[in-house]
Amino acid sequence: MVDRKPTGGEAAAKAVMYVALIVLTVLIVIPVAWVFMASIKQNSEFYGNPWALPQGVHIQNFVDAWTKARMGDYFMTSIIVTAVALAILLVVALPAAYVLSRYKFIGSKALNTGFMAGLFINVNYIVVPIFLMFVTADKFLKEVFGAGFFLNNPFVVSLVLASTTLPFTIYLLSGYFATLPKDYEEAAYVDGAGYFTTMVRIIMPMAKPSIVTVILFNFLSYWNEYIISMTMLSEPDGARTLPVGLLNLMKAQNAKAEYGQMYAGLVMVMVPTLILYICVQKKLTQGMTLGGLKG
Amino acid sequence: MQKNKARSRFIVACVAPAVILSFIFLVVPTFNVFRMSLYKWGGYSPNKQFVGFDNFVKLFNDAKFFQSVRNSILLIVIVTIITIGFALVFAAILSREKLKGQNFFRVIFYIPNILSVVVISAIFSAIYDSNYGMLNSFLSIFRGADAEPVYWLGDQKIVIYSIVGAMVWQAIGYYMVMYMASMSSISESLYESANLEGASRIRQFFSITIPLIWTNIRTTLTFFIISNINMSFLFVKAMTNGGPDGATEVFLSYMYKQAYTNSTYGYGMAIGVVVFSFSFALSAIVNAVTKRETLEF
């Protein structure tokens with residue numbers, strides 16, 4: 001912090017900076033707050049001044065969105081997809097990152113390079129090839145067993161989400177594991193602990209802060225993701241995640257003008273991430289700079 | 001020997017799941033993008049026909065594709081300059097100045113980054129609505145209540161800039177936090193001596209802050225280009241779906257449309273290959289052009 005003499009020019013500069021900060025704050029807060037306000041308005045109130053305060057608290061919007069627009073089902077699907085994807089990710093990425101960063105073996109260098117290269121593969125390029133892979137596999141399964149498995153299956157969406165975020169997660173965790181001194185393992189081996197026990201009992205507890213960072217980032221990206229789930233869950237009345245359900249509501253809104261329902265749905269998608277953010281905002285912004293950049 | 005065997009088993013057990021999943025869901029699909037770009041295939045039908053580089057030839061005669069190229073480049077250039085510019089200025093204000101509520105501002109500015117692109121698109125659709133939108137209603141204070149509404153998402157000339165607004169809104173906070181972290185590592189004494197010599201704030205910003213975090217700016221710039229190509233797809237898909245009449249079609253939305261909706265799978269993959277190469281080439285060029293000697297005072 002720099003001490004400057006409190007002159008007139010100094011005060012003016014400060015004022016300009018405050019104005020800039022406040023303008024940006026308003027530009028960010030007002031639209032978000034507006035959605036919360038709109039979510040309790042009645043449909044008729046949307047034809048008129050958008051800045052008018054709601055005439056009453058129309059909670060029915062949330063009930064309608066939850067049941068009629070099936071946002072309740074979608075909410076559950078989103079929770080399942082996110083939770084399963086996080087579980088798969090941790091079970092697969094933690095041991096891999098640990099071994100790749102601390103063990104030398106034939107091919108370890110090639111694997112490390114391979115996962116680094118994976119950082120550059122973006123899911124938007126490969127979502128259609130993955131989809132067609134499932135189309136082909138399901139066609140085969142239908143001929144043999146009479147039912148498909150891969151498409152319209154939330155668990156498969158979790159698997160795809162977890163797999164496509166593996167390179168970044170392994171990169172982030174390896175960075176942390178590589179900083180730990182070798183002494184921990186050596187001491188554990190001397191005490192007679194096996195490789196697996198050492199990893200689970202000694203190393204994983206130490207990696208807790210990085211694991212929390214990984215969970216936070218991936219929770220947000222899984223919860224908010226919509227291209228993969230939109231492509232893989234295409235059955236008309238089948239499972240959907242919240243963002244995809246919301247997208248359908250947005251399209252339906254143009255035809256049916258169910259504004260209240262749509263903004264109630266919007267609030268349902270936002271609230272979990274906002275609550276999480278309020279609880280962990282410090283960790284999130286610090287973790288971001290620890291882990292480097294993310295797409 | 002026994003121990004060696006146990007070690008190998010452990011290594012394989014730990015690495016195999018990650019390798020298998022990455023292979024199935026990253027390596028094979030990426031390989032398929034390149035392979036299928038040489039085929040004519042609808043995606044669902046069983047007959048694939050090898051056509052060599054026909055898809056690429058067709059691509060260079062496709063006016064719609066060039067429209068998407070124009071839109072993508074426009075978005076890359078404008079969104080990058082505005083976002084990084086504002087992010088740097090706000091990061092400098094928040095990390096260098098003694099102001100009240102710094103933490104509050106940082107927390108607020110980061111909020112858009114945690115929201116789903118679908119949510120942001122819905123919010124901006126409400127802002128841009130021509131009849132009952134927030135923006136037109138706000139503008140009518142200056143333009144009078146009877147003024148013809150601006151069709152933010154309906155006018156082909158304006159709509160791409162409406163997308164710019166949403167994208168900048170989403171990204172500023174993220175890059176600001178990024179730059180704040182690197183600015184906080186600049187030694188305080190540099191600014192003190194600059195003050196003694198009477199250098200103004202703006203001078204200090206351009207002569208001390210920017211040069212010293214240049215490496216960081218370069219990295220973010222490279223990533224920003226790649227991420228912009230992806231983000232513009234997410235925004236366009238949710239807000240306009242490329243319309244009206246292709247006015248907001250971008251690289252990946254056009255690819256998705258060709259490959260998924262239009263079932264001209266091979267052609268879509270050819271677009272993917274071109275865009276993929278383009279994004280790498282552009283990053284490499286930006287990386288080379290922005291190369292400076294690393295400054296350390």
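For region A:225-244, which residues satisfy the criterion of being closer than 20 Å to B:PHE25 by Cα and at pLDDT 85 or above? Full working, then the answer.
Within region A:225-244, the subset closer than 20 Å to B:PHE25 by Cα is A:225-234.
Once the filter is applied, which keeps residues that are closer than 20 Å to B:PHE25 by Cα and at pLDDT 85 or above, region A:225-244 yields A:GLU225, A:TYR226, A:ILE227, A:ILE228, A:SER229, A:MET230, A:THR231, A:MET232, A:LEU233.
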### Message
Condition first: in a loop (DSSP other than H, G, I, E, B), under 30 Å from A:ARG240 (Cβ atoms) and open to solvent by 40 Å² or more (accessible area, probe 1.4 Å). Can you find one or more residues in region A:1-14 that meet it?
### Response
no
### Summary
In region B:80-113, anything within 18 Å of B:VAL168 (Cβ to Cβ) and among the hydroxyl-bearing types (Ser, Thr, Tyr) is listed as B:THR80, B:THR83, B:TYR110
### Query
Here are some conditions: (1) surrounded by 19 or more Cβ atoms within 10 Å (Cβ to Cβ); (2) at pLDDT below 90; (3) more than 9 Å from chain B (Cβ to nearest Cβ). A:LEU247 meets all but one. Which one does it not meet?
(3)
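Any residue that is out of contact with any Pro (no Cβ under 7 Å at 6 or more places or on another chain) and in contact (Cβ under 8 Å) with a residue 12 or more places away in the chain - is there at least one of those in region A:19-33?
Keep residues of region A:19-33 that are out of contact with any Pro (no Cβ under 7 Å at 6 or more places or on another chain), which gives A:19-27, A:29-33.
Now narrow it down to the ones that are in contact (Cβ under 8 Å) with a residue 12 or more places away in the chain: A:32.
Yes; the residues of region A:19-33 include at least one that is out of contact with any Pro (no Cβ under 7 Å at 6 or more places or on another chain) and in contact (Cβ under 8 Å) with a residue 12 or more places away in the chain.
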### Query
Are there any pairs, at least 6 apart or on different chains, whose C-beta atoms fall under 8 Å, with the first in region A:230-242 and farther than 15 Å from A:MET71 by Cβ and the second open to solvent by 40 Å² or more (accessible area, probe 1.4 Å) and at pLDDT below 85, and if so, which?
A:THR231/B:TYR260
### Query
A:VAL23 versus (1) of a type outside the set (Asp, Glu); (2) open to solvent by 20 Å² or more (accessible area, probe 1.4 Å); (3) closer than 30 Å to B:SER8 by Cα; (4) within 13 Å of chain B (Cβ to nearest Cβ): which is the lone unmet condition?
(3)
### Query
For B:PHE224, which of the numbered conditions (1) under 18 Å from the mean Cα position of the chain (by Cα); (2) within 11 Å of chain A (Cβ to nearest Cβ); (3) modelled with pLDDT of 90 or more fails to hold?
(3)
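Would you check if A:THR179 is without any contact (Cβ under 8 Å) to a residue 60 or more places away in the chain, among the β-branched types (Val, Ile, Thr), under 30 Å from B:LYS5 (Cβ atoms) and not in a helix (DSSP H, G or I)? Full working, then the answer.
On the way: without any contact (Cβ under 8 Å) to a residue 60 or more places away in the chain: yes; among the β-branched types (Val, Ile, Thr): yes; under 30 Å from B:LYS5 (Cβ atoms): yes; not in a helix (DSSP H, G or I): yes.
So A:THR179 passes the test.
Confirm whether B:LEU88 is touching a residue at least 60 places away in the same chain (Cβ under 8 Å), more than 10 Å from chain A (Cβ to nearest Cβ) and either open to solvent by 10 Å² or more (accessible area, probe 1.4 Å) or under 26 Å from B:GLU249 (Cβ atoms) (or both).
Details: touching a residue at least 60 places away in the same chain (Cβ under 8 Å): yes; more than 10 Å from chain A (Cβ to nearest Cβ): yes; either open to solvent by 10 Å² or more (accessible area, probe 1.4 Å) or under 26 Å from B:GLU249 (Cβ atoms) (or both): yes.
Yes, satisfied.
Hand me the list of helices (runs of 4 or more DSSP H) wholly inside region B:151-226 holding 2 or more residues that are open to solvent by less than 20 Å² (accessible area, probe 1.4 Å).
Numbers: elements: B:159-183, B:188-196, B:201-204.
The helices (runs of 4 or more DSSP H) meeting that bar are B:159-183, B:188-196.
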### Task
Filter region A:175-187 for residues that are aromatic (Phe, Trp, Tyr), within 27 Å of the chain's Cα centre (by Cα) and open to solvent by 50 Å² or more (accessible area, probe 1.4 Å) and give the result.
A:TYR176
### Query
Does B:VAL57 meet the test of being part of a helix (DSSP H, G or I) and either in contact (Cβ under 8 Å) with a residue 40 or more places away in the chain or over 29 Å from A:TYR171 (Cβ atoms) (or both)?
yes
### Query
Mind checking which residues of region A:193-237 are touching a Pro at 6+ places or on another chain (Cβ under 9 Å) and in a loop (DSSP other than H, G, I, E, B)?
A:GLU225, A:TYR226, A:LEU233
### Query
Which residue, of A:LEU161, A:LEU172, is crowded, with 19+ Cβ neighbours inside 10 Å and more than 13 Å from every other protein chain (Cβ to nearest Cβ)?
A:LEU172
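Can you report the number of residues in region B:150-185 which are closer than 18 Å to B:GLN102 by Cα and either in contact (Cβ under 8 Å) with a residue 12 or more places away in the chain or hydrophobic (A, V, I, L, M, F, W, C) (or both)? Quick ask: steps written out before the conclusion?
Looking only at region B:150-185, we keep the residues that are closer than 18 Å to B:GLN102 by Cα, and these are B:172-185.
Still in the running and either in contact (Cβ under 8 Å) with a residue 12 or more places away in the chain or hydrophobic (A, V, I, L, M, F, W, C) (or both): B:172-184.
Total satisfying the criteria: 13.
Residue by residue through region A:229-244, note down the ones that are within 11 Å of chain B (Cβ to nearest Cβ), surrounded by fewer than 24 Cβ atoms within 10 Å (Cβ to Cβ) and of a type in the set (A, V, I, L, M, F, W, C). Spell out the reasoning first.
Just the residues of region A:229-244 that are within 11 Å of chain B (Cβ to nearest Cβ), to begin with: A:229-231, A:234, A:241-244.
With the extra rule that they be surrounded by fewer than 24 Cβ atoms within 10 Å (Cβ to Cβ), the set shrinks to A:230-231, A:234.
Matches in region A:229-244: A:MET230 only.
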### Message
Take the conditions of a type in the set (A, V, I, L, M, F, W, C) and over 21 Å from the mean Cα position of the chain (by Cα) and apply them to A:PHE134. Does it pass?
### Response
yes
### Task
Please specify each residue of region A:239-253 satisfying the condition of being of a type in the set (Gly, Ala, Ser) and in a helix (DSSP H, G or I).
A:GLY245, A:ALA252
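Look through region B:1-16, keep the residues that are open to solvent by less than 50 Å² (accessible area, probe 1.4 Å) and within 7 Å of chain A (Cβ to nearest Cβ), and return whichever of them is nearest to A:VAL91 (Cα to Cα).
If we filter region B:1-16 for residues that are open to solvent by less than 50 Å² (accessible area, probe 1.4 Å), which is where we start, we get B:6, B:10-11, B:14-16.
So of that shortlist, the ones also within 7 Å of chain A (Cβ to nearest Cβ) come out as B:6, B:10-11, B:14-15.
On the way: B:ALA6: 20, B:PHE10: 15, B:ILE11: 15, B:CYS14: 9, B:VAL15: 11 Å.
For region B:1-16, the residue satisfying everything is B:CYS14.
Conditions (1) crowded, with 24+ Cβ neighbours inside 10 Å; (2) in contact (Cβ under 8 Å) with a residue 60 or more places away in the chain, marked per residue:
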site: B:SER232; (1), (2): yes, yes
site: B:ALA238; (1), (2): yes, yes
site: B:PRO244; (1), (2): no, yes
site: B:LEU252; (1), (2): yes, no
site: B:MET255; (1), (2): yes, no
site: B:SER263; (1), (2): no, yes
site: B:PHE280; (1), (2): no, no
site: B:ASN287; (1), (2): no, yes
site: B:THR290; (1), (2): no, yes
### Task
Among residues belonging to region A:94-115 that are more than 27 Å from A:LYS208 (Cβ to Cβ) and either modelled with pLDDT of 90 or more or acidic (Asp, Glu) (or both), point out the one that is least open to solvent (accessible area, probe 1.4 Å).
A:GLY114
### Message
Tell me the residue from B:ILE217, B:ILE158 that is under 30 Å from A:VAL267 (Cα atoms), of a type outside the set (Phe, Trp, Tyr) and more than 9 Å from chain A (Cβ to nearest Cβ), please.
### Response
B:ILE158
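Just checking, which of A:LYS182, A:LYS251 is basic (Lys, Arg) and within 30 Å of A:PRO54 (Cβ to Cβ)?
Values: A:LYS182 fails: within 30 Å of A:PRO54 (Cβ to Cβ).
Only one candidate passes the filter, namely A:LYS251.
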### Task
Of all residues in region B:118-145, count the ones that are more than 7 Å from chain A (Cβ to nearest Cβ), open to solvent by 10 Å² or more (accessible area, probe 1.4 Å) and either part of a loop (DSSP other than H, G, I, E, B) or not hydroxyl-bearing (Ser, Thr, Tyr) (or both).
13
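One residue is enough: does region A:83-98 have a residue meeting the conditions of a type in the set (Gly, Ala, Ser) and touching a Pro at 6+ places or on another chain (Cβ under 8 Å)?
Taking region A:83-98 as the starting set, the residues that turn out to be of a type in the set (Gly, Ala, Ser) are A:83, A:85, A:87, A:93, A:96-97.
Among the residues that remain, those that are also touching a Pro at 6+ places or on another chain (Cβ under 8 Å) are: A:96.
There is at least one residue in region A:83-98 that is of a type in the set (Gly, Ala, Ser) and touching a Pro at 6+ places or on another chain (Cβ under 8 Å).
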### Task
Please indicate, with yes or no, whether at least one residue in region A:151-167 is outside any helix (DSSP H, G or I), in contact (Cβ under 8 Å) with a residue 60 or more places away in the chain and in contact with an Asp or Glu (Cβ under 6 Å, 6 or more places away or on another chain).
yes
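The values are calculated or read from the model by the stated rules, or taken from the named source; none is laboratory data. This structure is a prediction, so every number in the text was calculated from the model and none was measured. Glycine gets a Cβ as well: all are built from the backbone with ideal geometry, and neighbour counts include every protein chain shown. Accessible surface areas use protein heavy atoms only, side chains included; no ligands, DNA or RNA. Shrake-Rupley method; radii C 1.70, N 1.55, O 1.52, S 1.80 Å.
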